[in-house]
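All remarks here apply to the structure that follows.
The values are calculated or read from the model by the stated rules, or taken from the named source; none is laboratory data. Quick caveat: nothing in here was measured; it's all calculated off a predicted structure. Every residue, glycine among them, receives a Cβ derived from its backbone with ideal geometry; neighbour counts consider all protein chains shown.
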Amino acid sequence: MFYMLTEEQLMIRDLARQIAVETIVPVRAELDEQNKFPWDVMKAMAQADLFGLFIPEEYGGLGKKGFELCIAVEELSKACLGVSTSFAANALGTYPILLYGSDEQKKKYLPDIAAGKRLVAFGLTEANAGSDASGVQTTAKLEGNEYVLNGTKQWITNGGEAEIYTVIAITDKSKGPRGASAFVVEKGTPGFTFGKKENKMGIRASSTTELIFNNCRIPKENLIAKQGMGFIIAMKTLDSSRTGVGAQGVGVAQGAIDEAIKFAKTRVQFGQPITSFQAIQHMLADMQTQTEAARALVYSVARYIDSGAKDYSRASAMAKLFATDVAMKVTTDAVQVMGGSGYMKEYPVEKMMRDAKILQIYEGTNQIQRNVVAQDMIREAARQK
């Protein structure tokens, strides 16, 4: 398919693909088996300036936007979703600063982020604040020139490895969601520690931990925007990043298809390659058609957001839910095409299937995305009366 990529976008795609093939594929099984964070891969991506893709040039980045980020994420995800999650979560954690940070905050943090010198994480989820993001209970109390944070964040990607954390905490309990605020917290701040590293079913190359705040004091200058903006910042951050999750879905689906075809061409049964059987051909055709449809939707929404659109919650939700549902189905079908071999760790598709499941869960479950889409449809219909 032809998506009218510019010469520069093709270069970004090819660079990310080269890193995926040469740096990620040789170590992905080891990273998965050992639950090991991919620092060597992160360094390779930093040297290739991938961390600066979406950072403005004035802060040391390449000045591109979300679409270019999606292109890179898709290529990385073909090789390993655990690695691409670590990379994409860095962007997720950066968006609050990029979208709402003061010029001083941007000057302080964005150059190091763009250079890949400091990794970022986003601290929203808690034990009682998953799908209901408004259930945040971590607090931030202003005392003099400092905010004092108390509480625990759960299942935070890049936890323990990142040096910069954008964190949502309650500054005024009486206002409910409107009492939430966003902060920058740096690793090493007294009172800020990490829980155990989670032992996950998939994306095992990524680090997932608790963030624990125990009378953690940060300068009041670390407040992003102003008090009460936290929930808005969190929602806009997620709306902006969901095309990236969709791109992950497209990437892992395409990676699984490529592996399934490679295997099917050489697997002989009844005296001929299994690619000669219509049952296999139809499975492969459906897998590629679904993946191409997901790619077209993700690319379209990413370009729409980059165009300066103001209201894109429904579009980003559709891109995320469709592409990640496709990823789960296609990776499952890839295992089926390969039969018993697909179930074995000797081949990467079983890992792809395990990895793909999280895409339907994190950054808002696909059921929540359907709520977002339907509620926006209903509001639009009401306005048209």
When segment 288-307 is examined, which residues are found to be farther than 14 Å from VAL250 by Cα and either at pLDDT below 95 or assigned to a helix (DSSP H, G or I) (or both)? ARG303, TYR304, ILE305, ASP306
Scan segment 286-295 and tell me whether some residue there is within 30 Å of GLY339 (Cα to Cα), in contact with a strand residue (DSSP E or B) (Cβ under 7 Å, 6 or more places away or on another chain) and free of Cβ contacts under 8 Å to residues at least 12 places away in the same chain. no
Any idea which residue in segment 194-219 is farthest from GLU30 (Cα to Cα), counting only those that are within 23 Å of the chain's Cα centre (by Cα) and in a strand (DSSP E or B)? ILE212
Looking at LYS64, LYS78, can you tell me which residue is under 30 Å from GLN254 (Cα atoms), surrounded by fewer than 24 Cβ atoms within 10 Å (Cβ to Cβ) and not aromatic (Phe, Trp, Tyr)? LYS64
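Yes or no, residue by residue, for (1) exposed (fewer than 13 other Cβ atoms within 10 Å of the Cβ); (2) at pLDDT 95 or above; (3) under 22 Å from VAL250 (Cα atoms):
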residue	(1), (2), (3)
PRO348	no, yes, yes
MET352	no, yes, yes
ASP355	no, yes, yes
ILE361	no, yes, yes
GLN367	yes, yes, yes
ARG370	no, yes, yes
VAL373	no, yes, yes
GLN384	yes, no, no
Tabulated pairs, segment 311-326, first assigned to a loop (DSSP other than H, G, I, E, B), second at pLDDT 95 or above and surrounded by 24 or more Cβ atoms within 10 Å (Cβ to Cβ), C-beta under 8 angstrom, 6+ apart or interchain: TYR312/VAL301
Residue check: is VAL21 in a helix (DSSP H, G or I), of a type outside the set (Lys, Arg) and surrounded by 22 or more Cβ atoms within 10 Å (Cβ to Cβ)? no
Single unsatisfied condition, GLY188 versus (1) closer than 30 Å to ALA79 by Cα; (2) among the small types (Gly, Ala, Ser); (3) surrounded by fewer than 17 Cβ atoms within 10 Å (Cβ to Cβ): (1)
Would you mind finding the one in ASP325, ASP311 that is charged (D, E, K, R) and modelled with pLDDT under 95? ASP311
For segment 128-164, give me each residue that is among the hydrophobic types (A, V, I, L, M, F, W, C) and either modelled with pLDDT under 95 or touching a Gly at 6+ places or on another chain (Cβ under 6 Å) (or both). ALA129, ALA133, ILE156
